[in-house]
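Q: Structure below; questions to follow.
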Amino acid sequence: MAVSKRIVLHFPRRLVDRPIVSRLVKDYDLEFNILKASVTPEEEGLMVLELSGKQANYDKGIRYLTESGVKIQSLSQNVIRNEERCTHCGACITICPTGAFEVEPLTRRVMFYDEKCLACGLCIKACPPRAMEVHF
Amino acid sequence: MAKTIEEINEKIQQGKAVVVTAEEIIDLVKQKGVKKAAQEVDVVTTGTFGPMCSSGAYLNIGHAKPRIKLGGGRVYLNDVPAYAAFAAVDIFIGANALPDDDPRNKVHPGEFNYGGGHVIEELAAGRDIRLIASAYGTDCYPRKRLETWINIQDLNQAVLFNLRNAYQNYNVAVNLSDKTIYTYMGVLKPNLGNANYSSAGQLSPLLNDPYYKTIGIGTKIFLGGGIGFVAWHGTQHDPSVLRSENGVPRRGAGALSVIGDLKQMKPRWLLGISMLGYGCTLAVGIGVPIPILSEEILTYTAVTDGDIFAPVVDYANAYSNLKPDILGEVNYAQLKSGKVVIQDREVPTASLSSYSRAVEIAETLKEWILSGKFLLTEPVAPLPGVESGITFKPLKERPIAE
């Protein structure tokens, strides 16, 4: 069975200069699409990946990353809508490049489909009440 | 069938009034017809919730010991400047005020994370606010400096007083240029990348009473989750614009100036917001009850999104340069479908006002009336109508010679 998931990788300082992700292709036959990559001033690495391949290979690849010391989170845990502040106006809808926001036609409430989110961050400042938050 | 407001109030007090929202009345009129619906229904409730920039609040903070005269001095609330040009301890905070050290648009687009609208929201939420003031000192008001926490509960008065709210219809904003622009109508993507609108359409107060036959000075309303009143016509009130056969304006037209006790209001209905690259403002919730005094008034309240047209305006050029050009008209049913056709292109739409919150306001006002705790008021004077000849004039600019 094939899987495709969006994950956030946190690399500790000692791993930042090592070729880790490339082995997912070579040794585990996985494909990846890098959505975001950065090294913080504390020299920790952050990478947002869409990782796809066969389930068995995916599980092995994730085990390899974990055993190497990389911390892994699902992307949807990092993008959060503050329900207290969201007014369901809809200003985000045409800003989001992946269509992660949609108006529910009956209630006119704005739905947020976090599985479509790439964590690009465009909605954060375009949201008038600043209800969208990205935490890595 | 003509009813009076007094008769409707008697029914409200007896728990016999029939109240529906401006959304519910549409189907009711379709089912029963105007005549029957007008006999049955006593009140139609409207609602709107969106950014309303010309909003503000005045506060009387009470006298310090020794006394300080803030009038003519400087006052900051959470670093946001308030207007101090009244008597000793009266101040006014406007929704668009920004801290002196806010970078504004120095790095464009500026973020505008905190301003006057946010201070008003925090006051309404009952949070402590840091007040820092300086004054010049007089014999009777000797103090020159004041630094204190204040809380709305301790203030003598805290009053929301908005100069222009609840606009009767509004522009649909687009961008014909090849760069993203950052406006009070939100982020507009280049080359007709999106179209932003801001009206509750069929639920909006003044679109349900297009000729101001029931809404006037003194009308009691839902304001920010509390009770307020229409104080005056809003600034830029423009009743003489182009109208459809149903009387509904096809351009931004009338507006309301409203007032109410901020102490009763709630941050859910009074929210500080930030428009990227533009500034800070306040999202305000307003609901106005419309007494069904005649079949004509009922007919107006049955207006649907499909009957209300708004002009499409290019904010990259026509708006900013005060040109009258529009790119066409679209109706709110089209806008709410998620896309409209402009210049033969399908353009995705987004709203800046919240329709779901507008529904909640109309429902809340309905509940208040049904429970007997909210009675209708007779306006003490009408808003200027079409016959007033009032128009929205541009500035008559006269350069000052050196």
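The values are calculated or read from the model by the stated rules, or taken from the named source; none is laboratory data. Note that the coordinates shown come from a computational prediction; the quantities given were computed from them, not determined experimentally. Quick reminder, even Gly has a Cβ in these numbers, built from the backbone with ideal geometry, and neighbours come from all protein chains shown.
Q: Identify all residues within the stretch A:32-76 that are without any contact (Cβ under 8 Å) to a residue 24 or more places away in the chain, surrounded by fewer than 16 Cβ atoms within 10 Å (Cβ to Cβ) and closer than 30 Å to A:GLU133 by Cβ; write none if there are none.
A: Answer for the stretch A:32-76, where residues must be without any contact (Cβ under 8 Å) to a residue 24 or more places away in the chain, surrounded by fewer than 16 Cβ atoms within 10 Å (Cβ to Cβ) and closer than 30 Å to A:GLU133 by Cβ: A:ASN33, A:ILE34, A:ALA37, A:SER38, A:VAL39, A:THR40, A:PRO41, A:THR66.
Each row is one residue, and each column tells you yes or no for (1) touching a residue at least 40 places away in the same chain (Cβ under 8 Å); (2) in contact with a Phe, Trp or Tyr (Cβ under 9 Å, 6 or more places away or on another chain).
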{"site": "B:ASP314", "(1), (2)": "yes, no"}
{"site": "B:TYR319", "(1), (2)": "yes, no"}
{"site": "B:LYS323", "(1), (2)": "no, no"}
{"site": "B:VAL330", "(1), (2)": "yes, yes"}
{"site": "B:SER337", "(1), (2)": "no, no"}
{"site": "B:VAL341", "(1), (2)": "no, no"}
{"site": "B:GLU346", "(1), (2)": "no, no"}
{"site": "B:LEU352", "(1), (2)": "yes, yes"}
{"site": "B:SER356", "(1), (2)": "no, yes"}
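Q: Restricted to the stretch B:80-97, and to residues that are more than 20 Å from the chain's Cα centre (by Cα) and in a loop (DSSP other than H, G, I, E, B), which residue is nearest to B:ASN60 (Cα to Cα)?
A: Selected residue: B:VAL89.
Q: I'd like to check which strands (runs of 3 or more DSSP E) are fully inside the stretch B:24-78 and have at least 2 residues that are more than 14 Å from every other protein chain (Cβ to nearest Cβ).
A: Fully inside the stretch B:24-78 and qualifying: B:43-45, B:56-60, B:74-77.
Q: Right, something else. Just to be sure before I move on: is B:THR364 away from chain A (no Cβ under 14 Å) and either more than 19 Å from B:ILE215 (Cα to Cα) or in contact with a Phe, Trp or Tyr (Cβ under 8 Å, 6 or more places away or on another chain) (or both) in the structure I sent?
A: Criteria met by B:THR364.
Q: B:ARG357 passes all but one of (1) in contact with a His (Cβ under 8 Å, 6 or more places away or on another chain); (2) surrounded by fewer than 17 Cβ atoms within 10 Å (Cβ to Cβ); which number fails?
A: (2)
Q: For the stretch B:136-193, which strands (runs of 3 or more DSSP E) that fit wholly inside it have 2 or more residues that are more than 30 Å from B:PRO109 (Cα to Cα) and at pLDDT 95 or above?
A: Strands (runs of 3 or more DSSP E) meeting the threshold: B:145-150, B:157-165.
Q: I'm trying to understand the selection: among the residues of the stretch B:138-152, which are surrounded by 15 or more Cβ atoms within 10 Å (Cβ to Cβ) and farther than 25 Å from B:GLY272 by Cβ?
A: B:TYR141, B:ARG143
Q: Look through the stretch B:328-361, keep the residues that are of a type outside the set (Gly, Ala, Ser) and on the phi > 0 side of the Ramachandran plot, and return whichever of them is farthest from the other protein chains (Cβ to nearest Cβ).
A: Among residues in the stretch B:328-361 that are of a type outside the set (Gly, Ala, Ser) and on the phi > 0 side of the Ramachandran plot, the one farthest from the other protein chains (Cβ to nearest Cβ) is B:ASP344.
Q: Same structure, new question: I'd like the full set of residues that are under 17 Å from B:SER199 (Cα atoms) and either buried (at least 16 other Cβ atoms within 10 Å of the Cβ) or more than 7 Å from chain B (Cβ to nearest Cβ) (or both), limited to the stretch A:95-110.
A: Hits for the stretch A:95-110 are A:VAL103, A:PRO105, A:ARG108, A:ARG109, A:VAL110.
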